[in-house]
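S.K.: This is the structure, below, for whatever I ask next.
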Protein chains: 2
Amino acid sequence: MNIISSPKDMQSFADQARAGGRVIAFIPTMGYLHDGHLSLIREGCRHGDEVVVSIFVNPTQFAPGEDLASYPRAFERDCLLAEGAGATTIFSPAERDLYGDGYQTFVALEKLPFHLCGLSRPTFFRGVATVVSKLFNIVKPHVAVFGEKDYQQLLVIRRMVSDLNFDIRIIGGPIIREADGLAMSSRNSYLTPGERQRALCLSKALKQAEAMVRDGVSGAADLIDAARKIITAHPDAVIDYIEIFDPETIEAVQTVDGPARMALAVKIGTTRLIDNTLLLP
Amino acid sequence: MNIISSPKDMQSFADQARAGGRVIAFIPTMGYLHDGHLSLIREGCRHGDEVVVSIFVNPTQFAPGEDLASYPRAFERDCLLAEGAGATTIFSPAERDLYGDGYQTFVALEKLPFHLCGLSRPTFFRGVATVVSKLFNIVKPHVAVFGEKDYQQLLVIRRMVSDLNFDIRIIGGPIIREADGLAMSSRNSYLTPGERQRALCLSKALKQAEAMVRDGVSGAADLIDAARKIITAHPDAVIDYIEIFDPETIEAVQTVDGPARMALAVKIGTTRLIDNTLLLP
């Protein structure tokens, strides 16, 4: 497996792969890989001859006071895990190589970020769209895989790719969960054993909504209220949002009379967790 | 010569050219070509096997009240002129193909636009950076050529290319002037015969500053005052700005003790003209 840190070297590698007719699949990550990432890498293997995984904790998507400094890192373990899942190349740039002196260019969307996570993290999606644009120009993939766990991010990337004419096919990979239902996340490592137990309220609230919709409940307010009750049963759980929305526009829906997405963000102690699911009436 | 209007077709054409080992040079224009554009196309021919000229009057770089609707157009003449200068392909997308329903993604710089033309046209460089990013992703060039006439634009593009890791070499082409000194511009076509004559005050003011610097004058305020006198001699000339600045950062300089750039924007009647020159002490 190749490990490349220089953007120029990565571009040369991509040029050679493309000149040789090889298809490049790309999975951008912030490292500290778990089975969710590995499922995206395996999905990438189904589409590309070269499967490039980037590992970069992107500073521009963290706001002051967020967990940039403490974000978990395990580079050597990540390389082994990625290789085991089929990655052929790791791209792991230094921060100064992506954001050098005088850096000043940002990619921003005008509508999709003004919902859900974008409301409590107002510069988050600008940071994501910017670093993903940069990584696309460096890795030059034909296909890129993003997880549905970060559902709003997936929509932002799809919209950005369409709007800016990136010639890249975007594939969404399903949420991977622990045996007890908790959506996998690098940030789960922050949880104490007690918090880890209480964090199940996110997936339980979503499961309950799925069941209610199957049973014929269609009022978004009723579904959200029921989810809220599950979560507020834990005194150290603080809800950021619980929303039910159109899966393409993220506009809130009042009635689940077609496929809708339900998403929530909850702080368990000091750790902010997100999860989402498809509601199918 | 090929004429391509679909972004997807242009991308396929670029992929084929690249797969065949051909180098793509790109000259983005808003059409109504003059000798300035043709000199950029000829420069492109020195660098590329495929020389792609885009013709697209980009709505996102015009503010309400500016001359989007009246911007001069002459598509068939442009094709003949571009071909004569060596272009192999014209890319001329429809507006709806670049800015479709729900379009919402913009590329913006945080420092360079807050000078010169960016002050009186606050969304101009956002529109330029956005459309050029799109065109780069569609035309997939190895090399792109921009004129020094739009000097601030050239700096914005260079910075954006570096910041967003576009793997594209940017080449600046010199200002081409009419025999009497007027910098060529598609907007010169707006000038009445009398205005055309008075428009010479821009190049005359710059020529005088060049001469003063050669004669040992180094105070930026003195050079700007002298230029202002030439321009305000015409009652229908309204100065937007006259600035002397660092050629890389566009920060104003007080003293011309090394290479500096002098730029000005002046309204002659209803037509806003720009020009600039290098001051070499």
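None of the figures in this text is laboratory data; all of them are computed from the coordinates on show. Worth saying up front: this structure is predicted, and the values here are computed from it rather than measured. Glycine also receives a Cβ, built like all others from the backbone with ideal geometry; neighbour counts cover every protein chain displayed.
S.K.: Would you pull out the residues with amide H under 5 Å of A:Arg121's amide H, same chain only if 5 or more places away, H placed 1.01 Å from N?
M.R.: none
S.K.: Which FRET efficiency value, to the nearest 0.05, do you get for B:Ala233 and B:Met1 by plugging their Cβ-Cβ distance into 1/(1 + (r/R0)^6) with R0 = 51 Å?
M.R.: Values: r = 46 Å, r/R0 = 0.90.
The formula returns an efficiency of 0.65 here.
S.K.: Compute the Rg to Rh ratio over the range A:127-281 from the alpha carbon atoms, using the Kirkwood formula for Rh, and round to two decimal places.
M.R.: That ratio equals 1.00.
S.K.: Same structure, new question: Check which residues have an amide H placed less than 5 Å from B:Tyr32's amide H, if you skip close sequence neighbours.
M.R.: Under 5 Å from the amide H of B:Tyr32: B:Ala74.
S.K.: OK, next. With a/c under 1.5 counting as rounded, go ahead and sort chain A into rounded, prolate or oblate using the C-alpha gyration tensor (a ≥ b ≥ c being the square roots of the eigenvalues; past the cut-off, prolate if a/b is larger than b/c, else oblate).
M.R.: Because a/c hits 1.5 or more and a/b exceeds b/c, chain A counts as prolate.
S.K.: Hey, another quick one. By what distance, in whole Å, do the Cα atoms of the protein assembly as shown stretch along each of the three principal axes, largest value first?
M.R.: Principal-axis extents of the protein assembly as shown (Cα, largest first): 80, 48, 46 Å.
S.K.: Sticking with this structure for a sec: So what's the net charge close to A:Arg196: Lys and Arg +1, Asp and Glu -1, counting the other residues with Cβ under 13 Å from its Cβ?
M.R.: Around A:Arg196, the charge tally is -2.
S.K.: Take chain B, connect every pair of alpha-carbon atoms lying under 10 Å apart with a spring to form a Gaussian network, then pick out the residue of B:Pro64, B:Pro72, B:Pro259 with the largest mean-square fluctuation.
M.R.: Top of the fluctuation ranking is B:Pro64.
S.K.: How many percent of all Cα-Cα pairs in the range A:1-79 sit more than 22 Å apart?
M.R.: Roughly 33 percent, once rounded to a whole number.
S.K.: Still on this structure, I have one more. At 7 Å along the Cα-to-beta-carbon direction for both A:Val217 and A:Thr249, put a label point, then send me their distance in nm to one decimal.
M.R.: Spacing of the two 7 Å Cα→Cβ label points: 2.6 nm.
S.K.: Would you list B:Leu278, B:Leu98, B:Leu135 from fewest to most Cβ contacts within 10 Å? Mind dumping the intermediate values first?
M.R.: Details: B:Leu278 16, B:Leu98 20, B:Leu135 24.
Fewest-to-most Cβ neighbours within 10 Å comes out as B:Leu278, B:Leu98, B:Leu135.
S.K.: What whole-number volume per residue, in cubic angstrom, does the convex hull of the C-alpha atoms of the range B:205-281 give?
M.R.: 73
S.K.: Per Stokes-Einstein, at 20 °C and 1.002 mPa s, what whole-number D in µm² s⁻¹ belongs to the range A:70-115, with the Kirkwood radius over Cα pairs as the hydrodynamic radius?
M.R.: Rounded to a whole number, D works out at 151 µm²/s.
S.K.: Considering only the label points, 7 Å along Cα→Cβ from Cα, what distances in nm to one decimal separate B:Gln104 from the same position in each other copy, shortest first?
M.R.: 2.8
S.K.: Moving on. In nm, what does the list of distances from A:Ser5 to its counterparts in the other copies look like, shortest first, when each label sits 7 Å along Cα to Cβ?
M.R.: Output for A:Ser5: 5.1 nm, nearest copy listed first.
S.K.: Between helix A:151-163 and chain A, what is the angle of the helix's C-alpha long axis to the longest principal axis, kept within 0 to 90° and rounded to the nearest 10?
M.R.: The answer is roughly 50 degrees.
S.K.: If amide hydrogens are placed 1.01 Å from N in the peptide plane, which non-local residues have theirs closer than 5 Å to the one on B:Leu273?
M.R.: B:Val266, B:Lys267, B:Ile268
S.K.: Follow-up question, since we're still on this one. For n ≥ 4 DSSP H runs only, could you compute -39500 (n - 2.57) per run for chain A, divide by its residues and tell me the 222 nm figure to the nearest 500? If you can, show how the numbers build up before the last one.
M.R.: Working: 10 runs with 107 residues, N = 281.
Taking each H run of at least 4 residues, the total per residue is -11500 deg cm²/dmol.
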